[in-house]
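So the structure is just underneath, and the comments pick up after that.
The values are calculated or read from the model by the stated rules, or taken from the named source; none is laboratory data. Owing to the predicted nature of the structure, the values given are computational and were not obtained by experimental measurement. Positions of Cβ are backbone-derived with ideal geometry, glycine not excepted, and every protein chain shown enters the neighbour counts. The area values use the complete protein model at the heavy-atom level, side chains included, leaving out ligands, DNA and RNA. Shrake-Rupley method; radii C 1.70, N 1.55, O 1.52, S 1.80 Å.
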Amino acid sequence: MGQGGNSVVNWTTFGQTRSLIGNDFVKILGHYRDDAARYVVAVEQAYKLRDAVSMVRPAHTLKGDSLQFGGEALGRLAEHIEHSARRCVETQSVPDKLDAEIIRLRPLLIETLAEFERELTRSQPVPLRRPAAAGFGRKQG
């Protein structure tokens, strides 16, 4: 995918971050992979409980971390969820109008991580296959 607004990954940002981090990039990206999965679960659980306060921090962190690695679509979705949750906190209302966004969060994380994986595999001599975090992207059975 390219740099356009409809792209899941901004490859320019991904490359810049990769260059900046250097040799530890794969390790740091692994931490992001694990943390992002936890943040998605936290947002989903908070939304299920209609707890706007508990949605803000994981959505905010997911936004920032995703954007740093070039995960544009995921970062923008997390940003929308964060802002909506903050509005609910300010107005003391219940977050109950984010069904579509919450449903898109997990698949978008899976897609973003798959794009990162493809790029690393393409550019590394050794495949970097690693189990998906927290059951993401795997059939449970």
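LYS27 sits with roughly 120 Å² accessible to a 1.4 Å probe, with DNA, RNA and ligands left out of the calculation. Here TYR39 sits with roughly 60 square angstrom of accessible surface, probe radius 1.4 Å. When the alpha-carbon atoms of region 1-126 are used, the pair Rg, Dmax equals 15.2, 53 angstrom. Computed on protein heavy atoms with a 1.4 Å probe, the accessible areas place VAL43, VAL89 in the order VAL89, VAL43, largest first. Here r is the Cβ-Cβ distance between ASP51 and VAL8 and R0 is 41 Å; the resulting FRET efficiency, rounded to 0.05, is 0.90. From the largest down, region 1-71 spans 40, 28, 15 angstrom on the principal axes of its Cα atoms. GLU72 exposes around 50 Å² of accessible area when a 1.4 Å probe is run over every protein chain in place. A compact globular protein would have a Cα radius of gyration near 2.2 N^0.38 Å; the ratio found for region 55-127 is 1.31.
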